[in-house]
Amino acid sequence: MNNARGEKGTLIASGFIAGGALMGVVSALLKFGGVEFSVAETWWVNPLSELCSLVAYILLIAYFIRATKD
């Protein structure tokens with residue numbers, strides 16, 4: 001049971017790492033292509049952006065815990 005839980009956690013973590021790497025490549029291609037999003041500027045100056053990021057981080061941790069418990 002513990003071994004299966006570890007394998008499931010490794011699989012989930014690998015998926016998130018691969019997804020992050022792919023988004024990094026997409027982001028670099030957009031930057032290289034000169035694509036700029038004006039929403040990003042207003043997002044960074046908004047104080048709720050930090051709170052939203054913190055909530056997303058906590059939900060991600062909760063998902064990892066819940067997904068690897070079964």
In nm, give the distance between the simple-model label positions of Cys52 and Val25, each being 7 Å from the Cα along the Cα-to-Cβ direction.
2.7
The chain, accessible surface, carbon-and-sulfur percent (1.4 angstrom probe):
72
Per residue, what accessible area does the chain have, given a 1.4 Å probe and all protein chains present, in Å²?
86
Label assignment, Rg/Rh (Cα atoms, Kirkwood Rh) derived from the structure, set (1) 0.92; (2) 1.13; (3) 1.02:
(2)
How far, in degrees from 0 to 90, does helix 2-32 lean away from the longest principal axis of the Cα atoms of the chain, to the nearest 10?
10
Given +1 on the Cβ of Lys and Arg, -1 on the Cβ of Asp and Glu, and no further charges, what dipole in debye does segment 6-70 carry about its Cα centre, rounded to the nearest 20?
220
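The values are calculated or read from the model by the stated rules, or taken from the named source; none is laboratory data. What you are looking at is a predicted structure, and each value in this text was computed from that prediction instead of being measured. Don't worry about glycine lacking a Cβ; one is built from the backbone with ideal geometry, like all the others, and counts go over all protein chains shown. The accessibility values were calculated without ligands, DNA or RNA, using every heavy atom of the protein model including side chains. Shrake-Rupley method; radii C 1.70, N 1.55, O 1.52, S 1.80 Å.
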